[in-house]
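Engineer: Dropping a structure here in structure tokens format, bear with me for questions.
Read-outs throughout are calculated quantities, based only on the coordinates presented, and are distinct from any laboratory measurement. All of these numbers come straight from a predicted model, not from anything done at the bench. Note that we place each Cβ from the backbone using ideal geometry, even for glycine, and neighbour counts take in every protein chain shown.
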Amino acid sequence: MLTHELVIQNQHGRIDKVLADAFPDLTRSHIQNLIKKNLILVNSEKIKNKYNVRSGDKIEIQDEDVQPLDLEPENISLDIVYEDKDVIVVNKPQGMVVHPAAGHPNHTLVNALLYHSPLSTINGTTRPGIVHRIDKDTSGLLMVAKNDHAQQSLSAQLKAKTNTRLYIALVHGNIKEDRGTIDAPIGRSPKDRKKQAIVADGRPAVTHFKVLKRYGKYTLIQCKLETGRTHQIRVHLKYIEHPVAGDPLYGPRKTLKGNGQFLHASVLGFKQPTTGEYLEFKAPLPAVFEKTLKWLDTQTEHG
């Protein structure tokens, strides 16, 4: 069954590397195996592993290991911050998966969005309209494309790093510097397939941070993404030994109780795909995040 589609724009290089970069759920070895079985077609033609992609190539992946996903529009309430004919900006709650995948075939943000509006079809059947993702237990702002023109424009802005994406994170430990930059390549962890890690041959990843408030054992920071790798902020903060509080994957066992990691996509800015006007949106912290900060305030006062 057809599981992924990609139209090459300005990507270049070997097809297995390009596809592994575009679809984090596919490993290079799995992609190479699919090519050998003629389950990956370029412009409806069979290709070899060493094929180098060209602009305009239409790639279709039929993955035998993936069960078909029946994408049902679902009447799930959404916190829509902004909408026009091209774009929806939604404030995603903690606990909601962005798009269907193995283990999460429904009740996702995409199911809810499909009930609300038609979406861009460039990403194929499993990720309609999705330009960028945030993790299941990360809350906050996402931009969604309602048509293919909007998808291409928003994707190009992400690639050119012209959007604004600011996150608020509560991390373990006292960060002494007022601001800093973490520049360390990220790839799939060789020890645990569910995790990402800092690896020498990973994809470049850059996160800027500044301290907003110190609570002794915890620090509230703002992170600005320059790149958008899977789990980037969580992996980078673990790398500098200040993991995100509440993070079940990268944090310590003893941490603050919440609904997963204390990480919130608070500000999102981009150019409207048709008019070119710069739009910027802010989303308040979730209630559990606010409550935890107030509790930390009382601990700091008494401490």
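Engineer: Mind checking which of Ala156, Ser44, Asn111 is farthest towards the positive end of the chain's charge dipole, using Cβ charges of +1 (Lys, Arg) and -1 (Asp, Glu) about the Cα centre?
Structural biologist: Checked the options; the winner is Ala156.
Engineer: Here is a follow-up. Using 0.36 nm per residue of separation minus the Cα-Cα distance, give me the extension gain between Lys282 and Lys294 in nm, one decimal.
Structural biologist: On the way: separation 12, 0.36 × 12 = 4.32 nm, distance 2.06 nm.
2.3 nm is the gain from fully extending Lys282 to Lys294.
Engineer: Place the peptides 206-212, 190-196 in order of packing, highest mean first, counting for every residue the other Cβ atoms within 10 Å and averaging per peptide. Can you show the working numbers first?
Structural biologist: Values: 206-212: 18.1, 190-196: 11.7.
My ranking of the peptides, most packed first, is 206-212, 190-196.
Engineer: Enumerate the aspartates and glutamates that Lys213 could reach by cross-link, defined here as Cα to Cα under 16 Å, with residues fewer than 8 away along the same chain left out.
Structural biologist: Within the straight-line limit of under 16 Å, Lys213 reaches these aspartates and glutamates: Glu177, Asp178, Glu290, Asp297, Glu301.
Engineer: From the backbone phi of the stretch 209-214, what are the Karplus-calculated ³J(HN,Hα) couplings (6.51 cos²θ - 1.76 cosθ + 1.60, θ = phi - 60°) in whole Hz, Gly and Pro given as x?
Structural biologist: Residue by residue, the stretch 209-214 yields 9, 9, 7, 9, 6, 10 Hz.
Engineer: Sorting check: for 293-300, 257-264, which peptide has the highest mean count of neighbouring beta carbons within 10 Å, and how do the rest follow? Don't jump to the answer; show the numbers that get you there.
Structural biologist: Numbers: 293-300: 13.4, 257-264: 21.2.
Output ranking for 293-300, 257-264: 257-264, 293-300.
Engineer: Between the alpha-carbon centers of the stretch 118-172 and the stretch 219-243, tell me the distance in whole angstrom.
Structural biologist: If we compute the Cα centre of each part, the gap is 18 Å.
Engineer: How much length is gained on full extension from Arg179 to Asn75, taking 0.36 nm per residue of separation minus their Cα-Cα distance?
Structural biologist: 33.2 nm
Engineer: Listed highest first by mean packing, meaning other Cβ atoms within 10 Å per residue, what order do 272-280, 225-233 come in? Don't skip to the end; give the middle numbers.
Structural biologist: Working: 272-280: 13.4, 225-233: 20.1.
Descending mean neighbour count gives 225-233, 272-280.
Engineer: Something else now. Sorted from fewest to most neighbouring beta carbons within 10 Å, what does the list Val98, Val267 look like? Could you put the intermediate results ahead of the total?
Structural biologist: Numbers: Val98 22, Val267 18.
Listed from fewest to most nearby Cβ atoms, that is Val267, Val98.
Engineer: Express as a percent, rounded to the nearest 5, the fraction of DSSP beta bridges in the chain (both residues included) that run antiparallel. Write down the numbers at each step before the final one.
Structural biologist: On the way: 57 of 59 bridges.
Close to 95 percent.
Engineer: Place a label point 7 angstrom from the Cα of Ser189 along the Cα-to-Cβ direction, then list the residues of the stretch 209-252 whose backbone nitrogen is under 18 Å away.
Structural biologist: Hits in the stretch 209-252 for Ser189 at 18 Å: 229-252.
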